[in-house]
Amino acid sequence: MNIQFKKGVLEICVLSVLAHKDCYGYELVNEISKRIDISEGTIYPLLHRLKDEGHVTTYLQESAGGAPRKYYRLTESGRKEEHEQKEEWMQFCASVNALLEGKNHAAD
């Protein structure tokens, strides 16, 4: 997949996964990687930015296999952002699909 496509959708993918459940970083990578090939290194800078913007918060939770894990949870601001980005994405996809199908006018 084109790397620019991935960069463009990674934030909405992270927000969408976190809208359904809290995740630790590696778990988040695994969830997204089921559909889009990404590396672990691409997620953490994005998570830090989302935290700085107030869209996610973190908490530590003990793990059965060792050290506590840092979980990420959407804030109310993050839920609002996820909803807005999802709406914008759906409109964008509809427009691109119309172009790909040869519909060049908004009225088509």
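The values are calculated or read from the model by the stated rules, or taken from the named source; none is laboratory data. Quick caveat: nothing in here was measured; it's all calculated off a predicted structure. Methodologically, a virtual Cβ is constructed for each residue, glycine included, from the backbone with ideal geometry; neighbour enumeration extends over all protein chains shown. Note: accessible area is taken over every heavy atom of the protein model, side chains too, but ligands, DNA and RNA are not part of it. Shrake-Rupley method; radii C 1.70, N 1.55, O 1.52, S 1.80 Å.
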So between Ser33 and Arg69, what do we pick up on full extension, going 0.36 nm a residue minus the alpha carbon distance? 11.0 nm
Of all alpha-carbon pairs in the stretch 32-94, indicate the percentage at a distance above 20 angstrom. 46
With x for Gly and Pro, the residue-by-residue ³J(HN,Hα) of the stretch 34-39, computed from phi through the Karplus equation 6.51 cos²θ - 1.76 cosθ + 1.60 at θ = phi - 60° and given in whole Hz, is 5, 10, 10, 6, 10, 10
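Once you charge only the Cβ atoms, +1 for Lys and Arg and -1 for Asp and Glu, what is the size of the charge dipole of the stretch 3-107 about its Cα centre, to the nearest 20 debye?
Values: 14 positive and 16 negative charges, 30 e Å.
Computed charge dipole of the stretch 3-107: roughly 140 debye.
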Interatomic Cα distance distribution for the chain, bins of 5 angstrom, percent: 2, 11, 19, 21, 17, 11, 7, 6, 3, 1, 1, 0
Helix-only [θ] at 222 nm, the chain, -39500 (n - 2.57) per DSSP H run of 4+, per residue, nearest 500, equals -20000 deg cm²/dmol
Compute the distance in nm between two label points, each set 7 Å from the Cα along the Cα-to-Cβ direction, one at Leu10 and one at Gln61. 2.4
Under 19 Å from a point 7 Å along the Cα-to-Cβ line of Ala94: which residues of the stretch 4-24 have their amide N that close? none
How far is it, in nm, from the label point at Glu101 to the one at Glu84 when both lie 7 Å from their Cα along the line to the Cβ? 2.9
When the accessible area of the stretch 3-107 is computed with all protein chains present and a 1.4 Å probe, what percentage of it is carbon and sulfur? 53
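When every alpha-carbon pair in the stretch 7-62 is counted, what percent end up more than 13 Å apart? It would help to have the intermediate numbers written out before the result.
Details: 890 of 1540 pairs.
For the stretch 7-62, the share of Cα pairs beyond 13 Å comes to 58 percent.
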